[in-house]
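Shown next, in structure tokens, is the structure this report addresses.
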Amino acid sequence: MARLARVCSISYGGVPAGADHNQRAIDTVCGLIDDAARDKPDIVVLPEVFNYLGSGAKYTEKAERASGPCVTALGKKAKEHHTYVVCPIFERRGSHTYNSAILLDRKGQLVGRYHKMFPTIGEIEQGITPGKRSPVFDTDFGKVGFAICFDLNFRPVGDDLGRQDADLILFCSMYRGGPQCGIWAHDYSCYFVSATPGELSVFVDPLGREFARSWNYCRTVTRTLNLDYAVCHIDHNHLLIPKVRAKYGDAFAFEFESPQADFLILGNHPRKTVADIIREFKLEPRKAYLARATRVRDRTLAKASRRPPRRLA
């Protein structure tokens, strides 16, 4: 059963430094959200600390609370266009300042926030506090998690999101990320969408294949993602695919990535989901298969360690 989500990435590089920088940044981004709204997105994601870009200020000088002008303005746009919006700012909470991605729902209300777990050394030296965990948020279209810029170099962030079965990782960043975007999408079996300044924000599918990107000529990019999916390894599973196709025809699509021996199942059945046919045909998702392979290996090693040493002739 197709579970479709319209995801919009906005590539925004900031406005020039000067008077009223914060308000000019807000006005520019609100205009870009208005433009993106023509594509009827379910969620809009912006680059890291969008209201800081171009200011030349110290990081903590641009920090504001979640009740401040940035979140308030973007919350109004979320409500106006009935879409989730990701508002990345330097956020002041209590005595700490975080590099945050704040998730707003379709009514403009705060759903939650992610605090960048691995700020750069420069950020920490300027007073940015690291976050401690990577939450996954339930939306009305799927499970969404975040990573911010330098985080992409550190597996604990992605590992945490993978354990929570995020359908979609949104990457708010000042740099593009390069091959790591595809590696994270592949390794955590999820969609990965980035929002960066300038151009080359990317959309990557759960097999690690890039299927859209932004350019200087197109700063807002919206694509439809089918979140009724599963990633499987070819081992054993490939023998079951003909049986699924024989019963359900094109209601479930299979896309193969032969070099890595993986395939993607996408659901388009009017009543049944990909999870339903996995149970019905005893298919094994790649995550479960690798976990089972690890358990078999561990049991074998444990058994071997209990064997008495061989006597030499």
Burial ordering of Glu125, Glu48, fewest other beta-carbon atoms within 10 Å first: Glu125, Glu48
When we measure straight from the Cα of Lys62, which lysines land under 18 angstrom away, once same-chain ones fewer than 8 places off are left out? Lys116
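Give me the percent of Cα-Cα pairs in region 229-298 that sit more than 18 Å apart, rounded to a whole number.
Result: 34 percent of Cα pairs exceed 18 Å.
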Sort the following peptides by mean Cβ neighbour count (other Cβ atoms within 10 Å, averaged over residues), highest first: 3-11, 286-294, 56-64. 3-11, 56-64, 286-294
Rounded to the nearest 500, the 222 nm mean residue ellipticity computed for the chain from DSSP H runs (n ≥ 4, each -39500 (n - 2.57)) alone is -8500 deg cm²/dmol
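Work out, step by step, the length gained on full extension between Arg297 and Gln23: first 0.36 nm times the residue separation, then minus their alpha carbon distance; give nm to one decimal.
Working: separation 274, 0.36 × 274 = 98.64 nm, distance 5.80 nm.
So the extension gain works out to 92.8 nm.
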Separation between Cα centres of region 74-100 and region 264-283, rounded to whole Å: 36 Å
Under 20 Å from Lys79, Cα to Cα: aspartates and glutamates that are on another chain or at least 8 residues apart: Asp27, Asp34, Asp35, Asp39, Asp42, Asp105, Asp138, Asp140
In degrees, nearest ten, helix 69-81 long axis to first principal axis of the chain (Cα): 60 degrees
Could you state the number of Å between the C-alpha centres of region 1-19 and region 202-263? 23 Å
For the chain, longest principal axis from Cα atoms; helix 286-306 axis from its Cα atoms; angle between them, nearest 10 degrees, is 50 degrees
What full-extension length gain, to one decimal in nm, is calculated for Ile124 and Ala304 as 0.36 nm per residue of separation minus the Cα-Cα distance? 60.0 nm
By how many degrees, 0 to 90 and rounded to 10, does the Cα axis of helix 21-36 deviate from the longest principal axis of the chain? 50 degrees
Restricting the calculation to Cα positions, tell me the Rg (one decimal) and the Dmax (whole number) of the chain in Å. 22.0, 88
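Taken together, the values in this text are just the output of simple stated rules run on the coordinates, not laboratory data. Since the model is a prediction, treat every value here as computed from it, not as a measurement. We place every Cβ from the backbone using ideal geometry, glycine too, and count neighbours over all the protein chains shown.
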